Amino acid sequence: MKSSEEDSVRLTIFVPKDTDLLLRTHLAQTGMRKGAISKFVADAVRWQLFHLNLEAGQAHNLDVPSEQIEDEIEQALAEVRKERFAKRA
């Protein structure tokens with residue numbers, strides 16, 4: 001997901017000095033470029049939100065049998081595949 005300065009917002013965040021040093025050291029070792037910290041933070045936020053949503057979904061479906069979940073996934077995949085192949089034809 002690419003973003004430009006035009007569709008970005010400026011955030012002010014506070015992190016411990018040792019976290020800042022660890023991040024800057026890591027980025028420098030991997031060829032840090034302009035905007036690397038912003039990209040790293042944005043990726044970390046998206047990753048964290050993904051995991052929180054995943055955990056919430058798992059908790060929500062805790063009482064649902066795994067076979068039912070697998071059947072519903074297969075049905076959804078079949079519908080998407082049918083739509084995609086219909087568009088190609």
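No value in this document is a laboratory result; all are computed from the given coordinates. These numbers were taken from a predicted model, which means no experiment stands behind them. A quick note on method: Cβ atoms are made from the backbone with ideal geometry, for glycine too, and the neighbour counts reach across all protein chains shown.
Residues in segment 13-27 that are of a type in the set (Asp, Glu) and surrounded by fewer than 12 Cβ atoms within 10 Å (Cβ to Cβ): Asp18 only.
Restricting attention to segment 36-89, and to residues there that are in contact with a helix residue (DSSP H, G or I) (Cβ under 8 Å, 6 or more places away or on another chain) and part of a helix (DSSP H, G or I), which single residue is nearest to Arg10 (Cα to Cα)? Full working, then the answer.
Filtering segment 36-89 down to residues in contact with a helix residue (DSSP H, G or I) (Cβ under 8 Å, 6 or more places away or on another chain) leaves 36-37, 40, 61.
This time we only want the ones that are part of a helix (DSSP H, G or I), so: 36-37, 40.
Details: Ala36: 14, Ile37: 12, Phe40: 14 Å.
Here the answer is Ile37.
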